[in-house]
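See structure below.
The values are calculated or read from the model by the stated rules, or taken from the named source; none is laboratory data. Just so it is clear, the model here is predicted, and its values are computed rather than measured. Cβ placement follows ideal geometry from the backbone for every residue including glycine, while neighbour counts extend to all protein chains displayed. Note: areas computed on protein heavy atoms with side chains; ligands, DNA, RNA excluded. Shrake-Rupley method; radii C 1.70, N 1.55, O 1.52, S 1.80 Å.
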Amino acid sequence: GYYQAAYAISGSLPGFVFSAMGADFLPRVAAAKDEREAMATTERQIQAGLLMGTPLIVTLLSLGDWCVRLLYADGFTAALPLLNWMIWGVFLRLFAWPLAYWLLARGSNRAMIVIEGVSAVLMTVLAVALLGSFGLVGCAMGFAFGQGLYALLLILVARRRSGSWVGWSTLAWAAVCVGICLAAQVFAFQRPSGVWAFVPAVLSVVMAGVLYLQLLRRP
């Protein structure tokens with residue numbers, strides 16, 4: 001029950017980002033004239049996904065305790081340590097899923113099946129291996145680490161198929177988002193009370209809004 005609660009909460013808010021990705025991004029990357037254009041489109045989608053998803057990740061990291069209490073009984077507070085790890089797994093999906101859609105859209109169905117299969121096996125093995133040392137939290141850690149390996153596999157396949165690595169600007173964008181999320185988690189560990197608990201979520205939404213407006217003004 002704790003695992004299912006953490007899994008449901010971690011994917012609740014960012015879920016619309018992934019839904020929009022399938023509806024809008026997949027047709028655009030499939031229509032790209034060559035792999036260079038497809039990869040450029042993919043990198044823009046990664047940046048857009050991080051821009052939209054990071055405030056939601058920050059909200060879950062900083063207000064995870066509130067979310068558990070609001071959606072479940074007080075006895076489910078034991079799910080909070082699992083939730084933090086699973087949120088990081090979902091964050092890694094923001095980076096990995098555009099690459100997965102790119103691979104699927106460019107006709108590499110076999111490679112996609114292999115990667116999904118290997119990723120599923122790795123997450124299962126990691127969860128079982130970490131369960132003995134960390135208990136139920138180890139299962140959530142296995143999910144997060146598995147998502148990291150999934151992203152790494154997709155980056156390597158993208159390099160082999162397109163001939164180029166993910167650009168430094170995209171990696172820098174991801175690094176900034178990681179830093180923001182880490183700051184939110186550290187802030188949450190201080191257990192702020194009252195309106196202070198909402199500070200990271202509000203700041204991240206404002207920052208994302210400013211960046212989004214700047215992107216819209218670009219020619």
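VAL178 meets the conditions (1) at pLDDT 85 or above; (2) under 30 Å from ARG36 (Cβ atoms); (3) open to solvent by 70 Å² or more (accessible area, probe 1.4 Å) in every case but one. The failed one is (3). The set of residues in the stretch 146-192 being out of contact with any helix residue (DSSP H, G or I) (no Cβ under 7 Å at 6 or more places or on another chain) and of a type in the set (Ser, Thr, Tyr) consists of SER169 alone.
Total residues in the stretch 52-101 satisfying the condition of being among the hydroxyl-bearing types (Ser, Thr, Tyr), touching a Ser or Thr at 6+ places or on another chain (Cβ under 9 Å) and farther than 24 Å from MET123 by Cα: the figure is 2. Tell me whether the stretch 135-146 contains one or more residues that are β-branched (Val, Ile, Thr), in contact (Cβ under 8 Å) with a residue 24 or more places away in the chain and over 22 Å from ARG28 (Cα atoms). Yes, because at least one residue in the stretch 135-146 is β-branched (Val, Ile, Thr), in contact (Cβ under 8 Å) with a residue 24 or more places away in the chain and over 22 Å from ARG28 (Cα atoms).
Applying the set (1) among the aliphatic types (A, V, I, L, M); (2) at pLDDT 80 or above; (3) surrounded by 14 or more Cβ atoms within 10 Å (Cβ to Cβ) to ALA172 leaves exactly one unmet item: (3).
When the helices (runs of 4 or more DSSP H) confined to the stretch 46-151 are screened for residues that are polar (S, T, N, Q) and under 17 Å from the mean Cα position of the chain (by Cα), those reaching at least 1 such residues are found at 80-105, 109-134.
Test SER193 against the stated conditions and say whether it is modelled with pLDDT under 85, open to solvent by less than 80 Å² (accessible area, probe 1.4 Å) and out of contact with any Pro (no Cβ under 8 Å at 6 or more places or on another chain). Spelling it out, it is not the case that SER193 is modelled with pLDDT under 85, open to solvent by less than 80 Å² (accessible area, probe 1.4 Å) and out of contact with any Pro (no Cβ under 8 Å at 6 or more places or on another chain). Any residue in the stretch 195-204 that is in a helix (DSSP H, G or I), at negative phi and under 16 Å from the mean Cα position of the chain (by Cα)? Yes, because at least one residue in the stretch 195-204 is in a helix (DSSP H, G or I), at negative phi and under 16 Å from the mean Cα position of the chain (by Cα).
When you check TRP165 against the structure, is it open to solvent by 50 Å² or more (accessible area, probe 1.4 Å) and either in contact (Cβ under 8 Å) with a residue 12 or more places away in the chain or not in a helix (DSSP H, G or I) (or both), yes or no?
So TRP165 passes the test.
Of the residues making up the stretch 131-150, those that are crowded, with 19+ Cβ neighbours inside 10 Å and either of a type in the set (A, V, I, L, M) or on the phi > 0 side of the Ramachandran plot (or both) number 4. Within the stretch 92-124, the set of residues being closer than 14 Å to ARG161 by Cβ and open to solvent by 40 Å² or more (accessible area, probe 1.4 Å) comprises TYR101, LEU104, ARG106, GLY107, ASN109, ARG110, VAL114. Scanning the stretch 100-119 for residues that are modelled with pLDDT of 85 or more and among the small types (Gly, Ala, Ser) yields a total of 3.
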